1. Looking only at residues in region 143-166 that are modelled with pLDDT of 90 or more and not in a helix (DSSP H, G or I), which one is farthest from the chain's Cα centre (by Cα)?
2. Only residues that are among the polar types (S, T, N, Q) and out of contact with any Phe, Trp or Tyr (no Cβ under 6 Å at 6 or more places or on another chain): list them for region 227-264, please.
3. What are the residues in region 224-251 that are under 18 Å from PHE287 (Cβ atoms), touching a residue at least 40 places away in the same chain (Cβ under 8 Å) and exposed (fewer than 15 other Cβ atoms within 10 Å of the Cβ), if any?
4. Residues that are within 30 Å of HIS103 (Cα to Cα), at pLDDT 85 or above and not charged (D, E, K, R): find the strands (runs of 3 or more DSSP E) completely inside region 167-282 holding 1 or more of those.
Amino acid sequence: MAQRGEKGERVVLFLELKMLADVGLLAKPNAGKSTLISMCSAAKAKIADYPFTTVEPVLGVVQVGLSDFVMMEVPGLLEGASEGVGLGHEFLRHAERARLYVHILDGLSDDPVEDYRMINKEVEQFSSEMAEKPQLVVVNKLDVTEVREQKDELEARLLEAIGHRSNGVHFMSAATGEGVDTLMGKIVGALAELPKENVDDVPVAEPMHSRPQQATRREEVRRENGVYVVVSEAMERLTAFADTRDQRVLLQLWREMRRSGMADRLIDAGIEAGDTIRFGKVDIEWF
């Protein structure tokens, strides 16, 4: 006979997308990332003179001679990004899988060197593996006279801050294109020395090959307040989803109890016609 069916399983899954790119652009808001990726690729990043014009990662394919690579603009990072400030976790997780980082500094910032330290500190607190990846440090807005005049001094301070990991400091103007071609050449050269990430090597959670099984309760029959209580997972499952008002269903249950030996146990316990049997929350009459 048809059953009403069991209650289905309900699972809540949290899925996280991490984009895969060769180059990730790191910077504070308004440092010129959108302008750069728009200039050197076909990506249409939103550009405006206010912070957080980019609120989600932007990917662009950059062609340099016979070489090409995928560049990703990560929305600007603020102090405390590793703790989620300014949606820091949302932004940093996408940059996590880039092979090379281009660290763009705003030449008009109050202190570009301090900006460099702050961004790297947030990256390191978010992921030590991410912090170990190579970086190209780039100072933007060279077209501004103030930045050009302070170029040598700023370069010396940045080289001191970068220390042993220094690949030099590059200056450019994303707005006018000055120095951009040279930067793209440096990126191609740096990528050529780095291994490509194999998607198959990315660790994934082990699949669950079988559902965890609960310990099976021992079957038993006992009498409580005149009711014969049957402890049997199989019978409780059958009766819970069966229409016990239908006599044909009751006959099926009776045959199942005979087959499993439960009927004999009830008879041995002294059950008589008209007595009540309880399977879990379902009561039926012995006949």
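1. GLN150
2. Here is the first cut: in region 227-264, the ones among the polar types (S, T, N, Q) are 232, 239, 244, 247, 252, 260.
Across region 227-264, the qualifying residues are SER232, THR244, GLN247, GLN252, SER260.
3. Selection gives GLY226, VAL227, ASP243, ASP246, ARG248.
4. Values: elements: 169-171, 220-224, 227-231, 276-279.
Those strands (runs of 3 or more DSSP E) span 169-171.
The values are calculated or read from the model by the stated rules, or taken from the named source; none is laboratory data. This structure is a prediction, so every number in the text was calculated from the model and none was measured. A quick note on method: Cβ atoms are made from the backbone with ideal geometry, for glycine too, and the neighbour counts reach across all protein chains shown.
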